[in-house]
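Asker: Let me give you the structure first, and then I'll get to my questions.
The values are calculated or read from the model by the stated rules, or taken from the named source; none is laboratory data. Treat the numbers as computed from the prediction; the structure is a model and nothing was measured. Quick reminder, even Gly has a Cβ in these numbers, built from the backbone with ideal geometry, and neighbours come from all protein chains shown. For accessibility, only protein heavy atoms count, side chains too; no ligands or nucleic acids. Shrake-Rupley method; radii C 1.70, N 1.55, O 1.52, S 1.80 Å.
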Amino acid sequence: MANPAYVAVDWGTSSFRLWLMGKDDSILGESRSNEGMTTAAKTGFADVLASHLAKVNAPENLPVIICGMAGAKQGWVEAGYVDVPASLPSILTGAVSVPGQSRDVRILPGLAQRDQERPDVMRGEETQLLGALGPASTGSQAVCMPGTHSKWVHVKDGRVTGFSSFMTGELFDAISKYTILSHAVAGADQTLADEAAFETAIRVAYEHPAMATNLFFTARSGQLLHGLTAAAAQAKISGTLIGLEIAGAMSNAGTGVNITLVAAGRLQGLYEAAFKALSLSFNTIDADTAVRGGLTAAAKAIWPN
């Protein structure tokens, strides 16, 4: 088995993922929990990290590289932002040391877009981006990272030129629970999606984004007048939101751009189906693989030996 070289951590708002990494970039151990920033801010970031390091038997002198919300203003130590436009390798050089630790612990910065009309920030996704494309990326890329707040990042020849956040996941939750449409989706099983209704909603929203609030209401009126099922209503809401997201993102992408989807699990399936419904070509990279790749690149830049 390879000797341990460093520990990689993806510390989100509600999730914690840690990997013990070998000198050959192999995974020697893994630990996950729901002890994200929200929980760790109450119980102590150092204590949470220490408990997971113990689970994977990480040597005491092993360095730790962290990305995500642990570096937010309300996190462990604020890691700040790298302003775009910026080269992908610049993410590696902005890591902040956590003081008072017995081992070398660094937190990577996020990315900031300080445009007055379109201010935007990301934290954690920049590391996925680095892992997905590599520091020497060439050509024009539109990188889609779906989630509670989906990110679409525009990269040209290894340089981040801009990005947009879309509140797709959060809006789906809010619309499904706290509007009149909660009645339309009552009893729907998310594991039994109506694929036809989803794909139709994707295409309609993509082609007619100005009708968005009307399209949402048809999930209710379609049920009252045409017997739309709860599963179809849920699929219509999801498809409308994702269709709107893609329409907005592609309006900024320009021509001849390649789409890279960085996702896993259920979201990967939804976005792949959406791109296929719109006849958009894309390639998919696993989200865990991408974030580990970015953390590995950072670890090698910081601790080259």
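Asker: Identify the single condition in (1) touching a helix residue (DSSP H, G or I) at 6+ places or on another chain (Cβ under 6 Å); (2) in a strand (DSSP E or B); (3) more than 25 Å from residue 305 (Cα to Cα) that residue 10 does not satisfy, given that it satisfies every other one.
Answerer: With respect to (1) touching a helix residue (DSSP H, G or I) at 6+ places or on another chain (Cβ under 6 Å); (2) in a strand (DSSP E or B); (3) more than 25 Å from residue 305 (Cα to Cα), residue 10 is out only on (3).
Asker: Now, a different point. Taking segment 61-87 only, how many residues are surrounded by fewer than 17 Cβ atoms within 10 Å (Cβ to Cβ), among the polar types (S, T, N, Q) and more than 18 Å from residue 101 (Cα to Cα)?
Answerer: Final tally of qualifying residues: 1.
Asker: From 102, 97, which residue is at pLDDT 95 or above and open to solvent by 20 Å² or more (accessible area, probe 1.4 Å)? Outline the logic, then answer.
Answerer: Details: 102 fails: at pLDDT 95 or above.
That would be 97, the only listed residue that is at pLDDT 95 or above and open to solvent by 20 Å² or more (accessible area, probe 1.4 Å).
Asker: Moving on to the next point. List every residue pair whose Cβ atoms lie under 9 Å apart, where the two residues are 6 or more positions apart in sequence or sit on different chains, the first residue falls within segment 1-23 and is without any contact (Cβ under 8 Å) to a residue 12 or more places away in the chain, and the second residue, located anywhere, is open to solvent by 40 Å² or more (accessible area, probe 1.4 Å) and in a strand (DSSP E or B).
Answerer: none
Asker: What is the residue count in segment 77-99 for residues that are touching a Gly at 6+ places or on another chain (Cβ under 8 Å) and not polar (S, T, N, Q)? I'd like the intermediate steps shown before the answer.
Answerer: So the first thing to find is which residues in segment 77-99 are touching a Gly at 6+ places or on another chain (Cβ under 8 Å), and the list is 77-82, 84-85, 87-89, 91, 94, 96.
Pick out the ones that are also not polar (S, T, N, Q) and you get 77-82, 84-85, 88-89, 91, 94, 96.
Residues meeting the conditions: 13.
Asker: Okay, moving on. Given the criterion of a type in the set (A, V, I, L, M) and under 25 Å from the mean Cα position of the chain (by Cα), identify the matching residue among 230, 235.
Answerer: Working: 230 fails: under 25 Å from the mean Cα position of the chain (by Cα).
Residue meeting the stated conditions: 235.
Asker: Please count how many residues of segment 162-187 are in a loop (DSSP other than H, G, I, E, B) and surrounded by 19 or more Cβ atoms within 10 Å (Cβ to Cβ). Outline the logic, then answer.
Answerer: Just the residues of segment 162-187 that are in a loop (DSSP other than H, G, I, E, B), to begin with: 167, 179-180, 185-187.
Filter once more, keeping what is surrounded by 19 or more Cβ atoms within 10 Å (Cβ to Cβ): 185.
Of the residues in segment 162-187, 1 are in a loop (DSSP other than H, G, I, E, B) and surrounded by 19 or more Cβ atoms within 10 Å (Cβ to Cβ).
Asker: Here's something else I'd like to know. Return the total of residues in segment 124-147 being open to solvent by 20 Å² or more (accessible area, probe 1.4 Å), in contact (Cβ under 8 Å) with a residue 24 or more places away in the chain and hydroxyl-bearing (Ser, Thr, Tyr).
Answerer: Count: 1.
Asker: Would you mind telling me which numbered condition in (1) on the phi < 0 side of the Ramachandran plot; (2) open to solvent by 20 Å² or more (accessible area, probe 1.4 Å) residue 25 fails?
Answerer: (1)
Asker: Still on this structure, I have one more. With segment 207-305 as the region, which helices (runs of 4 or more DSSP H) entirely inside it contain at least 1 residues that are of a type in the set (Asp, Glu) and surrounded by 15 or more Cβ atoms within 10 Å (Cβ to Cβ)? Break it down into steps so the answer makes sense when it comes.
Answerer: Details: elements: 212-226, 230-253, 265-277, 287-302.
Qualifying helices (runs of 4 or more DSSP H): 230-253, 287-302.
Asker: Let me confirm something: among 41, 58, which residue is touching a residue at least 24 places away in the same chain (Cβ under 8 Å) and open to solvent by less than 50 Å² (accessible area, probe 1.4 Å)? Break it down stepwise before answering.
Answerer: Working: 41 fails: open to solvent by less than 50 Å² (accessible area, probe 1.4 Å).
The conditions single out 58.
Asker: So, one more: Would you check which residues across segment 105-117 are touching a strand residue (DSSP E or B) at 6+ places or on another chain (Cβ under 7 Å) and farther than 17 Å from residue 151 by Cα and list them? It would help to see each step written out before you state the result.
Answerer: To start, the set of residues in segment 105-117 that are touching a strand residue (DSSP E or B) at 6+ places or on another chain (Cβ under 7 Å) comprises 105-114.
Those that are touching a strand residue (DSSP E or B) at 6+ places or on another chain (Cβ under 7 Å) and farther than 17 Å from residue 151 by Cα: 105, 106, 107, 108.
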